[in-house]
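The structure follows.
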Amino acid sequence: MKTGSLSNDKEALTASQIYAVVEEVLAKTPFIDIHTHLYPPAFGDLGLWGIDELLTYHYLEAEFFRYAKMSTEEYWSLAKQEQANAIWRTLFLENTPISEAARGVIAVLGAFQLPTDSFDLREARAFFQAQEIDGHVKRVLETAGVSTVVMTNDPLDPQEAPYWMKGVAPHQQYLAVLRLDRILCQWPAHWQILQRQGYRVDERAGDATVAEVRRFLVDWAARMKPVYMAVSLPDTFQFPEDTPQTRILRDAVLPACRELNLPLSLMIGVRKQVNPAIRLAGDALGRADLRALEYLCREFPANRFLASVLSRENQHELCVYARKFNNLMPFGCWWFLNNPSIVEEITRERIEMLGTSFIPQHSDARVLEQVIYKWKNTRRTMAGVLANSYSVLTQDGRDVTREEIQRDVMRMFRGNAESWLTL
């Protein structure tokens, strides 16, 4: 193998150079974060940021309740700052913050040169309170190495919908997604909202109602300008069935996606509220039957599907389906999978089966500053995964160049999203 120079993109890299080049390319590539729960400043209090929101993130609340000496009722009665104080004291002072979620807060504090072992949170609170939000958003995204974040936007959410109805100003770095959970998974409890907006619908979801739901989606797409539609589905999801969910999905959502040239994102495997006492932290996961996904990909070839599955046991099956259907794009290691050891395993498997034809990760961030640590973790994990793949390739007789590494990283963290979402 030829000895390569780091200054020449087309010269072969030596085994000792590969990791450094991969690490450098990952650091310099601005990622597209294809799934978050973030909001730009124009959405007011819906946008979460700052130390108290970081500490009361539901990942940390779940961990807190494993150690806490207070009851869940007592915790929920506290003000936000008191909750944050309790979590800081329990998880960061009385215990070493080595879990993924706790270490993430440390990484954020470190990024802003704030103390990571203070007895209290006064300095951190003062820092975040002093920030001007527009400038802070720009700084956070730059620090995270993210050019664009994709939101989660529910037209039936009573807090969010008024912003869209008033014509909220778009933000250059935030893209909308039309979320369908209340429509597809909770139709009996929410159909009246469409009716109040002037759509002729009823609970039974017959043909006339389904046509109106399609009209609703097209109207809201014109208002939001989403880059895809999305739904989070339980592990029990089946398709097709003789249910309102199947009728709305088949006869309203999929035709609207085709008409608007939008992908549909299916996030499958949630088991809601297995422990309601801990609220948002009380959801779990289950292994799904992905034959429903198989059916959708096969029977609706004109639709494009993004898919992320929550159970580790479903990952290999998802890769196999992606090999069979080119209208299926696996993306991300979601929620309980977003731990470096599992991300590494899943990403290696995907590379081995799909090459670079998938989207490796999204942040799923709910609090603005989380993108800093979540993408830092991804770059750190991906450096080892990609370097290993290239090293094995060179051992088998194929040289690797910087240019090829740049092409691959751009494809996985930008190009696949840009082409799939037609950005």
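The values are calculated or read from the model by the stated rules, or taken from the named source; none is laboratory data. On a predicted model such as this, the values are computed, not experimentally measured, just so you know. Note that each Cβ is placed from the backbone with ideal geometry, even for glycine, and that neighbours are counted across all protein chains shown.
Can we say V253 is surrounded by fewer than 18 Cβ atoms within 10 Å (Cβ to Cβ) and not small (G, A, S)?
no
Return the residues of segment 372-401 that are touching a Pro at 6+ places or on another chain (Cβ under 8 Å) and buried (at least 19 other Cβ atoms within 10 Å of the Cβ); say none if nothing qualifies. Step through it out loud before you land on a result.
So in segment 372-401, the residues touching a Pro at 6+ places or on another chain (Cβ under 8 Å) come out as 377-378, 380-382.
Result: N377, T378, T381, M382.
Next up: Does segment 225-232 include one or more residues that are without any contact (Cβ under 8 Å) to a residue 24 or more places away in the chain and surrounded by 14 or more Cβ atoms within 10 Å (Cβ to Cβ)?
Scanning segment 225-232 turns up no residue that is without any contact (Cβ under 8 Å) to a residue 24 or more places away in the chain and surrounded by 14 or more Cβ atoms within 10 Å (Cβ to Cβ).
Okay, next question. What number of residues in segment 190-224 are of a type in the set (A, V, I, L, M, F, W, C), in a helix (DSSP H, G or I) and within 15 Å of I248 (Cβ to Cβ)?
So the count comes out to 11.
Looking at D251, D289, which one is in a loop (DSSP other than H, G, I, E, B) and without any contact (Cβ under 8 Å) to a residue 60 or more places away in the chain?
None of the others qualify; the one that does is D289.
Checking D52 against (1) surrounded by fewer than 19 Cβ atoms within 10 Å (Cβ to Cβ); (2) touching a residue at least 40 places away in the same chain (Cβ under 8 Å); (3) not β-branched (V, I, T), which single condition isn't satisfied?
In the conditions (1) surrounded by fewer than 19 Cβ atoms within 10 Å (Cβ to Cβ); (2) touching a residue at least 40 places away in the same chain (Cβ under 8 Å); (3) not β-branched (V, I, T), D52 misses (1) alone.
Moving on to the next point. Regarding segment 389-397, can at least one residue be identified that is within 30 Å of Q131 (Cβ to Cβ), in the same structural domain as E24 (by TED's automatic domain parsing) and modelled with pLDDT of 95 or more? Step through it out loud before you land on a result.
Of all residues in segment 389-397, those within 30 Å of Q131 (Cβ to Cβ) come to none.
No, because not a single residue in segment 389-397 is within 30 Å of Q131 (Cβ to Cβ), in the same structural domain as E24 (by TED's automatic domain parsing) and modelled with pLDDT of 95 or more.
Kindly evaluate P244 against the criterion of being under 27 Å from M329 (Cα atoms), surrounded by fewer than 15 Cβ atoms within 10 Å (Cβ to Cβ) and either in contact with a helix residue (DSSP H, G or I) (Cβ under 6 Å, 6 or more places away or on another chain) or at pLDDT below 95 (or both).
Taking the combined requirement at face value, the residue does not satisfy it.
Could I ask something else about it? Exactly one condition in (1) over 18 Å from the mean Cα position of the chain (by Cα); (2) closer than 30 Å to F43 by Cβ; (3) of a type outside the set (S, T, Y) is not met by H362; state its number.
It fails just one condition, (1).
Suppose we keep only residues that are over 29 Å from S419 (Cβ atoms) and out of contact with any strand residue (DSSP E or B) (no Cβ under 7 Å at 6 or more places or on another chain) within segment 1-19. Which one would you say is modelled with the lowest pLDDT?
T3
Related question: Scan segment 139-150 and give yes if some residue there is closer than 30 Å to E241 by Cβ, of a type outside the set (K, R) and in a loop (DSSP other than H, G, I, E, B), otherwise no.
no
What about I372, is it under 20 Å from A111 (Cβ atoms), of a type in the set (V, I, T) and part of a helix (DSSP H, G or I)?
yes
Turning to a different aspect of this structure: Under 8 Å between Cβ atoms, at least 6 apart or on separate chains: pull out the pairs that start in segment 412-423 with a residue that is under 18 Å from A176 (Cα atoms) and end on any residue that is part of a helix (DSSP H, G or I) and at pLDDT 95 or above.
So the pair list comes out as L423/A417.
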